[in-house]
Amino acid sequence: MACLIECIDCGHTNHYHPSEFNCPNCKSQWRRAIYDYDNIAKILPDALEKRPFGLWRYQELLPVQKPVTSLRMGEGGTPLIQAVNLGLMLGCPNIFIKDERQGPSASFKDRQAAVTIAALKEAGITEMVAASTGNVAIAYSAFAARAGIKLWAFVTSLVPAVKMREIALYGSQVVKVTGSYDQVKKIAAEFAEQRGLYHDMGARTITSVEGMKTIAYEIAEQLTEQLGPATDGSLWRTPTWYIQAISGGLGPIGVSKGFHEMKRMGFINEIPSIAAIQADGCAPMVHAWKQNLEEANAVISPKTHIETLATGTPGRAYPLLREEFKENKGLFESVTDEEAFRAMHVLAKMEGVSAEPAAAAAFAGLFKLIRAGVIKPTDTVVVNCTGHTMPAEPLVLGSGWARNVVLPQESETAQAEPAPKEGEGLLAALSRVAPDRFPRVAIADDTPDARRLIRRILQSQGEYTIFEATNGREALELVNRERPDLLILDLMMPEMDGFAVLDAMKNNPDTVHIPVIVSTAKELTQDEKNLLKGQIQALMQKGDFMSDEFLDEVKSLIR
């Protein structure tokens, strides 16, 4: 079906062609794709039943007339994984991970590249330019190689060498610029203009936005499959929150467009709130949002070790997202590098998901928003795990695989700084419950998921002998029989509650000295809290495993 392009400034519409960058009427570069939504709404649901789960199942809503199947590499159709352990740990059971690591080049940028390269191939364009902090250039390199399109990849010298090597491995020309990412974008644009080449402009590129919006369509379908039909009578479910770490803002702009299209076609009734997460050291959108500014002030010298999030000049992406967030209760938030690195460990050890730092920043944002009470226990949350670094061996390429450009005034960000130390966190704190001091740990809880979570946390830290009891009576028998070095005790259990277990242990000289951490979902009265004083070393609320108070209590227990 035909795709029209509408200028968001003057409203002018015309047919899409990838070589046209500006509105013919007002010269604006900010335009959007529109389709025959009424007709598509009638035919798409039936058509989807016959199509594989992937990006091109929504082909009527993409700006490519005749997609060439031989260019495809399995883009889109990434899993939506329920984060059971994170959900239990955070007291928010419906947390899902959109695992974009499983794309052809291991990042969500595959969607952007797949649609763009398909459109360029259809238009007969054979050479292009892209500025990148890594993942964009890798994705474009892969799809461009398959399509026979030459890519000039401009990257900042701070991009990890493993990513630069992978770009070069695909045959792209790497141009390494000693400067900030914003300077790299400027040089790439000038190079493209001088040579008359196609230039990817991020959020201003029609195909990039259209590729990203397919994330929204997949989430709606997958949530419906996993959680059942929508309760509001719509065709598909939507999450309460969609969370993603951002640099220039392309992802949320595309995802937002996808959800709005679904609502326009009557497939959904509710638009999710979007939380866009930035790194503290380069958070121009967050600063502008919290000061209620209409425009974001540029961050000239980003101070973050997460280079892929170091876009200091967001431009018009911020006002567009600001308007969307005000309408649908979204927000901007930032996290420290240390919080992102900590989230990498938690995500890997709790869910078996290894993410790059930029992706981990989104999970750090999730932790922060739950702890602040912004995200409620009953909310359904989807977090975009945007990428996974896959290194290319340096010996494969030899020398001369990159061209260097050194700007007259080197950016401060080019000065390497020592990597920050890993921050304190849940796992760091529990690691102090060392196997040599507490080799035998008993867990008493009538909830299997709670026992499993605590067991996994401990097992990830060392070789423990772990005992389990499913009720209070079993717990007391276990303690009397095994004499563990530490007991983690639930208060609300059948047959004999935790209070009774504590009393029995207190009255037995053989067990009175065993340290106890109490775990409970119960809101304790002051009298109950007073009753526990002197009998336990720590009290942790289920669903609040990440709280600073809990970490401090664990640390005090094991000093």
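Since every read-out is calculated from the coordinates, none of them should be taken as a lab result. Quick caveat, the model's predicted, so the values are computed rather than measured. Glycine gets a Cβ as well: all are built from the backbone with ideal geometry, and neighbour counts include every protein chain shown.
Partner aspartates and glutamates whose Cα lies under 15 Å from the Cα of K533, excluding those fewer than 8 positions away in the same chain, are identified as D503, E553. Value of Rg to Rh for region 170-266, rounded to two decimals, is 1.14; Kirkwood radius and Rg both from alpha-carbon coordinates. In plain terms, the chain from I514 to E193 could stretch by 108.3 nm, reckoned as 0.36 nm per residue minus the Cα-Cα distance. Take the Cα of K329, step 7 Å toward its Cβ, do the same at E127, and the gap between the two points is 5.2 nm. To the nearest 0.05, how large is the calculated FRET efficiency for I8 and A372 if R₀ is 41 Å and r is the Cβ-Cβ distance? Taking R0 as 41 Å, the efficiency between I8 and A372 is 0.80.
Mind checking the full-extension length gain between R51 and N297? Use 0.36 nm per residue of separation minus the Cα-Cα distance, one decimal, nm.
Values: separation 246, 0.36 × 246 = 88.56 nm, distance 4.51 nm.
Additional length available on full extension: 84.1 nm.
Distance between the 7 Å Cα→Cβ label points at Q102 and Q226: 1.0 nm. From its DSSP helices (H runs of at least four residues, each -39,500 (n - 2.57)), the chain gives a residue-normalised ellipticity at 222 nm of -11500 deg cm²/dmol. Mind checking which helices in the chain clear 20 Å along their axis (Cα) and have mean Kyte-Doolittle hydropathy of -0.5 or more, DSSP H runs only? Counting only whole DSSP H runs, the qualifying helices are 109-123, 206-227, 250-264, 337-351, 357-371.
Applying 0.36 nm per residue to the separation of R452 and R483 and subtracting their alpha-carbon distance, the gain on full extension is 9.1 nm. Under the convention that each Lys and Arg Cβ holds +1 and each Asp and Glu Cβ holds -1, the size of the dipole of the chain around its Cα centre is about 1200 debye.
Normalised by 2.2 N^0.38 Å, where N is the number of residues, the C-alpha radius of gyration of region 97-198 stands at 1.02. Exposed loop sites are taken as GluC sites (Glu not before Pro) in a DSSP loop (any state but H, G, I, E or B) with at most 14 other beta carbon atoms within 10 Å; the longest stretch of the chain without one runs 50-293.
For the pairs K27/K150; K27/K326; K121/K186; K185/K290; K290/K368; K186/K290, flag any whose C-alpha to C-alpha distance is greater than 18 Å. Intermediate values should be presented prior to the final figure.
Values: K27/K150 28 Å; K27/K326 28 Å; K121/K186 25 Å; K185/K290 27 Å; K290/K368 16 Å; K186/K290 28 Å.
Over 18 Å apart, Cα to Cα: K27/K150; K27/K326; K121/K186; K185/K290; K186/K290.
So what's Rg/Rh here for the chain, counting alpha carbon atoms and using the Kirkwood radius for Rh? Let's see the in-between values first.
Details: Rg = 26.2 Å, Rh = 25.4 Å.
Rounded to two decimals, Rg over Rh is 1.03.
Exposure proxy ranking for M285, M492, M344, M89, based on other Cβ atoms within 10 angstrom of each Cβ and starting from the fewest, stands as M492, M344, M89, M285.
For Cα pairs less than 8 Å apart in space and 6+ apart in sequence, what is the mean separation divided by the residue count of the chain, i.e. the relative contact order in percent?
Details: 1098 pairs, mean separation 75.4, N = 559.
Relative contact order for the chain comes out at 13 percent.
Provide the FRET efficiency to the nearest 0.05 for the V84-H15 pair, computing r from the beta carbons and using R0 = 60 Å. Let's see the in-between values first.
On the way: r = 47 Å, r/R0 = 0.79.
The calculated FRET efficiency here is 0.80.
As a length-normalised measure over Cα pairs under 8 Å and 6 or more apart, the relative contact order of region 272-387 settles at 27 percent.
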